[in-house]
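Chemist: Please read through the structure below; I'll follow up with questions.
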């Protein structure tokens, strides 16, 4: 029989990779639009305006640079979510304008209205001096007398900027919480302090469930819950008194259900998100989805087999979607076996048989698939009193016994089933026909 104790090795291995992946995946886009007031009082978009984006919290003299399109719009993707940025806009015939307190990935369309000027583009040093002298305020508009209409438009821009600043302030606060809880949670997870890890991830999710880092928190929470459930389940098996055994088992079931739900949420969020246009951000998003699918599959498998076998379709979907993105042949093969084993453990023997037959179609000598296909057919035969299924079962099990080494711990079980089929059902393995040797006529 298979070991009654469960292992959380998969969750631990996934964690080692996912921590760095999700930390680097927190990037976002910065977008806005640039306009300029014309001599006739109209406001028009400014095409080909130069947009320099400086990261201020770690001031760099080399800006991220892009230009506006024909509609005066600009987008710069792949900026670190945690950065504090300043936008500098310049164009021929315009006064350079800079706007501080900018954050990437907040889905804010930053409005910039240029005033007539000399067209000069600010250098990094000039920007630093200007920011220091004005203490973070954007350059003032022209000192010429404003019309009531101009004043209203300027005040509207200031109002929008104030709203953006307030939004950024809130985002910065939640970002600090999520960054801290993600780091602390990961550190706790690495040393198997699952209670602390789960508490930290929950704190981060409570702060901002719409944060780009939320799927990462959910994914690692899934792994923490799954690992804690395994520990509780194994503790229940080892317990000598019924009360402890029952309490540990029920606690494990709750964790597996929560893990399955958490993994499902992470996958749903990532699948619904638009694919980033920046190659690095797109690659990070793809990697994030991969680990979310892996964590969900592993957690859902145990939820289905240990908690609620009626949710078997949930487990099948989880594994099919994970297998579809897995590129490593060894990991894909393991996932295919895990899917089939989940169906077998959930007593869905016909579907388990179909999965094992898929494996055998690729690898006819797969011992595990031969054994489980035979056992599945034996169970189907017993349920339906179907001698034809017994015969198929005997054929698979005979192949397994013939190929399995004597050290295989399941070989004796297979022989016992074959003996029972022979004695009770008069069913013997069919001999594989050997093709007749053809001789050439003289």
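The values are calculated or read from the model by the stated rules, or taken from the named source; none is laboratory data. Just so you know, these numbers come straight off a predicted model, no measurement behind them. Quick reminder, even Gly has a Cβ in these numbers, built from the backbone with ideal geometry, and neighbours come from all protein chains shown.
Chemist: Name the residue, out of 285, 273, 258, that is in contact with a helix residue (DSSP H, G or I) (Cβ under 8 Å, 6 or more places away or on another chain), over 29 Å from residue 358 (Cα atoms) and surrounded by fewer than 17 Cβ atoms within 10 Å (Cβ to Cβ).
Modeler: From the options 285, 273, 258, the qualifying one is 273.
Chemist: Moving on to the next point. Scanning segment 18-40 for residues that are more than 22 Å from residue 108 (Cβ to Cβ) and either touching a helix residue (DSSP H, G or I) at 6+ places or on another chain (Cβ under 7 Å) or part of a strand (DSSP E or B) (or both), which turns out modelled with the highest pLDDT?
Modeler: 37
Chemist: Restrict the check to segment 60-67 and report whether at least one residue is surrounded by 15 or more Cβ atoms within 10 Å (Cβ to Cβ) and at pLDDT below 90.
Modeler: Within segment 60-67, the subset surrounded by 15 or more Cβ atoms within 10 Å (Cβ to Cβ) is 63-64, 66.
Then drop every residue that is not at pLDDT below 90, which leaves 63-64.
Yes.
Chemist: Look at residue 237 and say whether it is surrounded by fewer than 16 Cβ atoms within 10 Å (Cβ to Cβ), in a helix (DSSP H, G or I) and modelled with pLDDT of 90 or more.
Modeler: It is true that residue 237 is surrounded by fewer than 16 Cβ atoms within 10 Å (Cβ to Cβ), in a helix (DSSP H, G or I) and modelled with pLDDT of 90 or more.
Chemist: If you scan segment 92-134, which residues turn out to be under 22 Å from residue 47 (Cβ atoms), part of a loop (DSSP other than H, G, I, E, B) and within 36 Å of the chain's Cα centre (by Cα)?
Modeler: The one that is under 22 Å from residue 47 (Cβ atoms), part of a loop (DSSP other than H, G, I, E, B) and within 36 Å of the chain's Cα centre (by Cα): 108.
Chemist: Within segment 261-268, identify whether any single residue is at pLDDT 95 or above, within 19 Å of the chain's Cα centre (by Cα) and farther than 23 Å from residue 217 by Cα, and answer yes or no.
Modeler: Within segment 261-268 (the criterion being at pLDDT 95 or above, within 19 Å of the chain's Cα centre (by Cα) and farther than 23 Å from residue 217 by Cα), the answer is no, since none of the residues qualifies.
Chemist: Within segment 377-386, identify whether any single residue is out of contact with any helix residue (DSSP H, G or I) (no Cβ under 6 Å at 6 or more places or on another chain), surrounded by 18 or more Cβ atoms within 10 Å (Cβ to Cβ) and under 14 Å from residue 414 (Cα atoms), and answer yes or no.
Modeler: There is no residue in segment 377-386 that is out of contact with any helix residue (DSSP H, G or I) (no Cβ under 6 Å at 6 or more places or on another chain), surrounded by 18 or more Cβ atoms within 10 Å (Cβ to Cβ) and under 14 Å from residue 414 (Cα atoms).
Chemist: Then there is this: Does segment 278-289 hold any residues that are in a helix (DSSP H, G or I) and more than 15 Å from residue 268 (Cβ to Cβ), and which are they?
Modeler: Hits for segment 278-289 are 279, 280, 281, 282, 283, 284, 286, 287.
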